[in-house]
Amino acid sequence: MGNRVVNDSHTANDQRIGKPFNWSSLLCLMLEQQELFLTFNLLAFLFHTVLEINDEKYSLLCNELPTRKTFFDDIRALTRYLYFPSWDALLSFMLRGLKIEVPDTS
């Protein structure tokens, strides 16, 4: 651990008084966080794209509502107060509420 000691309150105290802060380590940490954020962003985009292609109800709702933000705000409000046993039940409830007919695929 070098010149660092940990006191009783579990905080690290730097014993290198007068030495400059290592900005390169901070920069590396920031880059790692940006890469992680980018990875999560790409995964979310991929997940939503796959849902829109494979889930007809999700696709109908996304096409009817003005933005994805509206869609997820509605989901947040509904699931705060109501219980839905499945994703399909939630989407069916939303489709009925918006009076959107689901075409019969059978």
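Computed on the stretch 55-106, the Cα convex hull volume stands at 77 Å³ per residue.
FRET efficiency for the pair Leu31 and Ile53, taken as 1/(1 + (r/R0)^6) with r the Cβ-Cβ distance and R0 = 30 Å, rounds to 0.35. Between Ile100 and Thr39, the modelled labels are 3.3 nm apart [label points 7 Å from Cα along Cα→Cβ]. Each part gets one Cα centre, and for the stretch 85-103 versus the stretch 30-84 those centres are 16 Å apart.
Using 0.36 nm per residue and subtracting the Cα-Cα separation, the extra length available between Ser92 and Ala77 on full extension is 3.8 nm.
Bear in mind that the values in this text are calculations on the coordinates, not laboratory data. Note that the structure is a prediction, hence the values are computed from the model and not measured. Because the Cβ atoms are built from the backbone with ideal geometry, glycine has one as well, and the counts that use them run over all protein chains shown.
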